[in-house]
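Report on the following structure.
The values are calculated or read from the model by the stated rules, or taken from the named source; none is laboratory data. Everything quoted here is computed from the prediction, not taken from an experiment. Don't worry about glycine lacking a Cβ; one is built from the backbone with ideal geometry, like all the others, and counts go over all protein chains shown.
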Ligand SMILES: Cc1cc2nc3c(=O)[nH]c(=O)nc-3n(C[C@H](O)[C@H](O)[C@H](O)COP(=O)(O)OP(=O)(O)OC[C@H]3O[C@@H](n4cnc5c(N)ncnc54)[C@H](O)[C@@H]3O)c2cc1C
């Protein structure tokens, strides 16, 4: 029985089209849906939080890069509290790692960082308040001890304005340490080699 030439042509076209689609999606590293044979994701990024009930997370999405499938939970908004906590963690860790004898550049960097933070901090109300806090409490970063005590003090100024408990600053070194890091590979701030000055 001879086949209908139009049917053969249509089937061939479909095969070619599927192959091209597959090749293209591999090439640009995207898969709209996980392929059935996909491996277990190496990691997944989660952003869910019980405080986000009014902003339910969107459906998870997937993308594939070479032979790894990534599962990405769609972003839910970050709360002011989460942002604050993360930022204070960053700042106190920076202060713990700040050198005992900072270079002029390092002192300039932390002053600038605080100034920039007071302008671009993602919570406008907090940024505006922090600007006032900085005006009344100019950055003191002559040494590691001075900078971490200054930061503890300004954090307490913010705490007080929010009705939060005042942290005992003599305990700041017990609360905040340097970044855990093998072979001192993260001690960028402790090294003057990466800065051209002093
Ligand atoms: C620059 C900045 C300005 C902010 N301004 C505002 C604002 O105007 N309005 C607002 O609603 N929120 C503001 N926030 C957020 C707010 O400060 C808190 O981060 C947030 O309310 C969450 O508080 P928390 O109780 O989890 O502890 P956080 O204040 O985030 O502190 C995290 C942890 O740091 C430790 N800690 C607390 N105080 C000190 C201290 N003085 N020194 C060292 N360690 C300490 C404690 O162990 C605490 O659990 C601001 C955050 C930042 C970084």
From 99, 56, residue being outside any helix (DSSP H, G or I), modelled with pLDDT of 95 or more, away from the ligand (no atom under 16 Å from the Cβ) and more than 19 Å from residue 161 (Cα to Cα): 99
Tally of residues being more than 6 Å from the ligand (Cβ to nearest atom) and either in contact (Cβ under 8 Å) with a residue 12 or more places away in the chain or in a loop (DSSP other than H, G, I, E, B) (or both) across region 77-88: 5
Total residues in region 115-163, condition part of a loop (DSSP other than H, G, I, E, B) and near the ligand (Cβ under 7 Å from one of its atoms): 3
